[in-house]
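The values are calculated or read from the model by the stated rules, or taken from the named source; none is laboratory data. Fair warning: this is a prediction, and the values are worked out from it, not measured in the lab. Using ideal geometry, Cβ is built from the backbone for each residue, glycine included, and neighbour counts are taken over all protein chains shown.
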Amino acid sequence: MSLNETRDKIAASKKYKFLCKETIQNVLEENLLIHKELKNALPYAKKSLHKIWASYLGEPNYKRVREQLIQAFEVKDDALIREVCRETMYVHSSARERIQLYEQGYYQHIFAKTGLPQRISDLACALHPLSFRWMDLPASTQYFAYDINRNFTDLLGLYFELEGIGPAPIWQDIYVNPPAEQVDVALLFKMYHCLEIRKKGAGLTVLKQTPADWVVLSFPAQNLVGKIADIYGNYAPAIRQAADELGWEIQEELFVNEMLVWVKK
């Protein structure tokens, strides 16, 4: 079986049919470089795909959420819309950890340094764009959202339509296929270290190739079981070195349970 046939077979499987095909292709190619033969590379590629797919982080009942969003927007109830968004994000463990920050001025704190963006990109966004109402941004803001999970981008597409923001979320691997849109602020929340697990240097590659005036990174200050962890410390030297070499400005600050890093490019 050829590489493309193997990619297509994986992409057609029940587990990975909503995963970006370019992600599958890239993982197969990377492992093939190491293990030389496809039959030897395939088991390692599947392990990598399992980590990247991260379905264990949680996914909502998409049909029910779509119905709830439509109903909430029909009655134009801000509190109800926020509740549906909050409950949907709560299902995803990474988003759940950030929900408590919204009422503490999380986005206002971020934008106090960058300025309010007119164009913003949300890289490897998962369900994060559902927090739009907490950002205090006008509907005229151009919001570019990217994720490798088509279930996420499809659901967000409905939300964007109902909310009256755009353009439509994009099903795209931002590591393999960098965004083309220049923005004021790009968000890469709790994904830098995941990219580095995927491939050493991938997080820094995404940071470098993102067309933005500012890139705001966040790192969890605790692991999934709630223990304090200096995850950013593992990657700070490389980010700081790149900043020195490329003339970037960096600001770092712990905000409750997330380490925030502002990179002015």
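Can you find even one residue in the stretch 101-112 that is buried (at least 18 other Cβ atoms within 10 Å of the Cβ), β-branched (Val, Ile, Thr) and assigned by TED's automatic domain parsing to the domain that holds Arg150? Yes, the stretch 101-112 contains a residue that is buried (at least 18 other Cβ atoms within 10 Å of the Cβ), β-branched (Val, Ile, Thr) and assigned by TED's automatic domain parsing to the domain that holds Arg150.
Can you name the number of the only condition in (1) over 17 Å from the mean Cα position of the chain (by Cα); (2) at pLDDT below 95; (3) more than 18 Å from Ala186 (Cα to Cα) that Ser93 fails? In the conditions (1) over 17 Å from the mean Cα position of the chain (by Cα); (2) at pLDDT below 95; (3) more than 18 Å from Ala186 (Cα to Cα), Ser93 misses (1) alone.
For the stretch 108-123, which positions are within 14 Å of the chain's Cα centre (by Cα), closer than 15 Å to Lys190 by Cβ and not in a loop (DSSP other than H, G, I, E, B)?
Let us first name the residues in the stretch 108-123 that are within 14 Å of the chain's Cα centre (by Cα), namely 120-123.
Subsequent filtering for residues that are closer than 15 Å to Lys190 by Cβ retains 122-123.
Once the filter is applied, which keeps residues that are within 14 Å of the chain's Cα centre (by Cα), closer than 15 Å to Lys190 by Cβ and not in a loop (DSSP other than H, G, I, E, B), the stretch 108-123 yields only Asp122.
Among strands (runs of 3 or more DSSP E) entirely within the stretch 124-241, having at least 3 residues that are buried (at least 17 other Cβ atoms within 10 Å of the Cβ) and among the aliphatic types (A, V, I, L, M) singles out 183-189, 212-220. The set of residues from the stretch 38-67 being surrounded by 16 or more Cβ atoms within 10 Å (Cβ to Cβ), closer than 22 Å to Trp171 by Cβ and either over 22 Å from the mean Cα position of the chain (by Cα) or of a type in the set (Phe, Trp, Tyr) (or both) comprises just one member, Trp53.
Have a look at Arg98, Arg7 and point out the one that is touching a residue at least 60 places away in the same chain (Cβ under 8 Å) and surrounded by 13 or more Cβ atoms within 10 Å (Cβ to Cβ).
Arg98
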